[in-house]
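Visitor: Below are the structure tokens for one structure; questions will follow.
The values are calculated or read from the model by the stated rules, or taken from the named source; none is laboratory data. Note that the structure is predicted; figures quoted are calculated from it, not measured. Glycine gets a Cβ as well: all are built from the backbone with ideal geometry, and neighbour counts include every protein chain shown. Heavy atoms of the whole protein, side chains included, go into the accessibility calculation; ligands, DNA and RNA do not. Shrake-Rupley method; radii C 1.70, N 1.55, O 1.52, S 1.80 Å.
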Amino acid sequence: MQDNKRIEKERKFWDRLGSAGYDQLTEKQWKIYPSLLDKIAGDVDAGKVVLVVATGPGLDALKIAERASKVYAVDISEPMIAVAKKNAAEKEIKNIEFSVEDAYALPFDKDMFDTVVCNAALHNMVNPQKALSEIRRVLKPDGRLIATIVGIGESFKFKLVMPIYKFFTGFPVFHKLNLDESADMVAKSGFTIVNKEIMKHPEDKMPLIYIVAEKRGKNEEN
């Protein structure tokens, strides 16, 4: 019951944004975003099978599809997925499969994906460790996680302002992390950190944290 309430609340918020041009808003708010998408796609090995968690309007999935053999892209919001499907159809990209799913309960077999991408979403989740556990389960041994997180914790000012912003807008920011805290959260979920860095355009207000990690060793999940 508690999980159903969480899903309903999250969907209500993201459904509203999905119907309000969230893809254009993202690109307007983050000048770094085109470079970020290029970097994510560049860290995906060509010809691999990739899962994108919390794809939103699908901008990341569309870019990754240029290199991957197959992309599965999921989001909790049906309107977001509808926009993503429309974007893919307009670009005539056919190697993506979109579906409405909860990041805490991914409907995929274990050891299925070469790479999982979670772009600008973990800080918006009440329990990002649960999503990271699911991501680890569906990754192949030695598979790669690419995660980006809004680096609210890199600025004391934004750490102070964000609760006020959240109160007035309802924007679901639950974790105000810096670079090391973000990497530590990923590592504690069973990943080995390969790279961590800050990405920021001079005109952007907040930086993005970029993490590449791997699932090393034998999968102990049943």
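Visitor: Using Cα pairs closer than 8 Å and at least 6 residues apart in sequence, work out the relative contact order for segment 27-80, in percent.
Guide: 36 percent.
Visitor: Give me the 1.4 Å probe accessible area per residue for segment 33-121, excluding ligands and nucleic acids, in Å².
Guide: Each residue of segment 33-121 exposes 39 Å² on average to a 1.4 Å probe.
Visitor: I would also like to ask the following. Could you check the simple spin-label distance between residue 31 and residue 188, using points 7 Å along Cα→Cβ, in nm with one decimal?
Guide: Taking the simple label geometry, residue 31 and residue 188 are separated by 3.5 nm.
Visitor: If you build the Cα gyration tensor of segment 1-147 and take the root of 5 times each eigenvalue, what three semi-axes come out, in whole angstrom, biggest first?
Guide: 21, 20, 14
Visitor: Using Cα positions and a limit of under 12 Å, work out the aspartates and glutamates in reach of residue 205, with same-chain residues fewer than 8 apart set aside.
Guide: Answer for residue 205, where 12 Å is the Cα cut-off: 154, listed by chain and number.
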